[in-house]
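These notes are about the structure you will find just below.
The values are calculated or read from the model by the stated rules, or taken from the named source; none is laboratory data. All of these numbers come straight from a predicted model, not from anything done at the bench. So basically every Cβ, Gly included, is an ideal-geometry build from the backbone, and we count neighbours across all protein chains shown. The protein model used for the area step is the full one, side chains on, heavy atoms only, and it has no ligands, DNA or RNA in it. Shrake-Rupley method; radii C 1.70, N 1.55, O 1.52, S 1.80 Å.
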Amino acid sequence: MKNNYYFLYYFFDNPYVRWMRVLLFLSMGVLVYLNLGNGRFVISILPIYCVLILQEFFIHFKLENSNPPKKITDKFKHVIECVDYKSRAHLERYNNLEKIIGEFSNVSESQYLSRLLNFKFLYQVTDITEEDILRKARDVVASAGGKYIHAIDIYVSYLILTDEKSRELFKNDITQKDILHVHSWVRKLYSIDLKHHTGLRFSGSGVFDFFVFGWSEQIARFASNFTKEVLSNSTTSPMGRNSEYDLLITALLKNSSSNALLVGGAGVGKTTLISKFVIDSNEGLLPSHISNKTVFKLYAERLIAGINNTGDLETRFIELFSELSHAGNIIVYIPNIENIFGGGGLNFDISGALIEYLRSNQIKIIGSTTDEAFHSYIYQKQEIKALFDIIEMNEPDEDTALFMVLEKASELEHLNNVTISYDAVKESCALSDSYATDGSAM
């Protein structure tokens, strides 16, 4: 069936057929306009018009969004079966490799890659064949953990193959490792393989969510909607930290004491890991128990402000968590969780009040802290520690760190309307040890 979809797409994507579709719509519109006074004629022509509309819906929402019949890991007769329909149609329709690569270099993903690398594309006449490029594209996609071959994969494969002779990348101080790193990042940023899906998916919060948890004075005073904060900045799930992320999901899926504590130095990506959960949960990509959850971020320093004794603090804490539990569908994220265990110079230990909620199935809690704070304020509290799944987050390796900085650079680009080059990102990673300082548990 998928092969039939491709042949249908190839037919409708023909330039002459596209023009014919446009002319049919215009002709029908003109006919209706000229016969507005003839109700019988307009009614008789409506079924034809509806068929044309349904045809366009089928083309745009089914054919164009269907995945290729084969993944790069499947058995196939030819690698062309793994290429997305639009790119495949270009490859099969045109024999001019210069024209094809030129068009692939102009898609938004390829342009962003070239901009990050500060590289200006120039077609090189070589004896490289389309077959060579497709075989290389399969390897490039595999190295990026992808499933299908798209225009950017073919473009990158062409650059790598031609560089062996032209040395254009080398002349621009771009290594093959550089281009593969950026290629993997751009694929992730643009959700290349995920763009082609069928069916309807509903994600995000509803218009009446305010009435579920927006009414609470306590929540407004001492917490913020972390889900809203994350989704307002990005809808792309961060890369890396897969093993730690799997441990977090496993902890949250437990039937009881489904709480997690992220332990690691400042800047290792604890908040980023929770942001990844927020995005995946919002998109409905996780098991139903933890999909479409709203994460609220609790500020311990706000909770403790103005309090003179532990009893008053426990009362305030219980009131807040009672409201959070009542709201439902909520996960509480507590950065610097050691602050409610007497840390952070706040000197109030209300860990006893937290135990009830850690044991409860009504609310899930994610905490984060540094290694030092964990051993100073939490490690000795065996009853508390047993109610958390402890997830240690060590310093990221070079590749993971690079992707983390690329993600942050992408946010800065979006916010400030600037372009940050890959060289700048690499340099910032290289100099990070010189400027890194101790900070919060973020």
**Prompt:** Relative to the longest principal Cα axis of the chain, at what angle does helix 398-416 sit, 0 to 90 degrees, rounded to 10?
**Reply:** 80
**Prompt:** Over all Cα pairs of region 223-364, how is the pair count split among 5 Å bins, expressed in % and running from 0 up to the last occupied bin?
**Reply:** 2, 9, 18, 23, 21, 15, 9, 3, 1
**Asked** Remind me, relative contact order of the chain in percent, using alpha carbon pairs under 8 angstrom and six or more residues apart?
**Response** 15
**Fill in**
For Rg and Dmax of the Cα atoms in Å the list reads (i) 31.0, 112; (ii) 27.6, 92; (iii) 27.3, 86; the calculated value is entry (iii)
**Request:** Work out how much length Y94 to F58 would gain on full extension: take 0.36 nm times their residue separation and subtract the Cα-Cα distance, in nm to one decimal.
**Result:** 10.5 nm
**Message:** From the convex hull of the Cα coordinates of region 1-79, what is the mean projected area in square nanometres?
**Reply:** 6.4
**Request:** Among G265, G39, G146, determine the one that fluctuates most according to a GNM of the chain built with springs between C-alpha atoms less than 10 Å apart.
**Result:** G39
**Asked** So how many Å³ per residue does the convex hull of the Cα atoms of region 327-438 work out to?
**Response** 167
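Between N308 and L24, what FRET efficiency follows from the Cβ-Cβ distance if R0 is 60 Å, with the result rounded to 0.05?
Details: r = 78 Å, r/R0 = 1.29.
The computed FRET efficiency comes out at 0.20.
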**Request:** Report, in debye and to the nearest 20, how large the dipole of region 319-409 comes out about its Cα centre when Lys and Arg carry +1 and Asp and Glu carry -1 on their Cβ.
**Result:** 420
**Prompt:** Rounded to the nearest 5, what % of the DSSP beta bridges within the chain are antiparallel ones?
**Reply:** 20
**Fill in**
Taking alpha-carbon centroids only, region 144-166 lies from region 243-320 a number of Å equal to 40
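Kindly report the accessible area of region 1-85 per residue (heavy atoms of protein chains, probe 1.4 Å, no ligands, DNA or RNA), in Å².
Numbers: 5780 Å² over 85 residues.
Value returned for region 1-85: 68 Å² of accessible area per residue.
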**Request:** Please identify, among G37, G264, G342, the residue showing maximal mean-square fluctuation in a Gaussian network model of the chain using a 10 angstrom Cα cutoff.
**Result:** G37
**T73 paired with Y10, simple spin-label distance in nm, labels 7 Å along Cα-to-beta-carbon** = 2.8
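Hey, what number do you get for the chain at 222 nm if only DSSP H runs of n ≥ 4 count, each worth -39500 (n - 2.57), divided across all residues, to the nearest 500? Working shown, then result.
Details: 20 runs with 232 residues, N = 442.
Estimated from H runs of four or more residues: -16000 deg cm²/dmol.
By average Cβ neighbour count within 10 Å, what is the ranking of 284-290, 182-188, 105-111 from highest down?
Descending packing order for the listed peptides: 182-188, 105-111, 284-290.
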**Item:** Gain upon complete extension [I43, S191; 0.36 nm per residue less C-alpha separation]
**Value:** 48.9 nm
**Prompt:** What full-extension length gain, to one decimal in nm, is calculated for V17 and K254 as 0.36 nm per residue of separation minus the Cα-Cα distance?
**Reply:** 79.8 nm
**Asked** Simple spin-label model, 7 Å along Cα-to-Cβ: E372 to R167 in nm?
**Response** 5.1
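For Q362 and D397, what does the FRET efficiency come to when R0 = 30 Å and r is the distance between their Cβ atoms, rounded to the nearest 0.05? Mind showing how you got there, number by number?
Values: r = 38 Å, r/R0 = 1.27.
My answer for the efficiency is 0.20.
Normalised by the residues of region 1-88, what does the relative contact order come to in percent, with Cα pairs under 8 Å and at least six apart?
Numbers: 45 pairs, mean separation 30.7, N = 88.
The normalised contact order for region 1-88 reaches 35 percent.
Which percent of the accessible area of region 134-183 is formed by carbon and sulfur heavy atoms (probe 1.4 angstrom)?
Numbers: 950 of 2040 Å².
C and S fraction of accessible area: 47 percent.
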**Message:** Springs between alpha-carbon pairs under 10 angstrom, Gaussian network model over the chain: which of R115, R135, R18 fluctuates most?
**Reply:** R18
**Prompt:** Counting only heavy atoms of protein chains, what accessible area per residue, in Å², does region 288-385 have with a probe of 1.4 Å?
**Reply:** 42
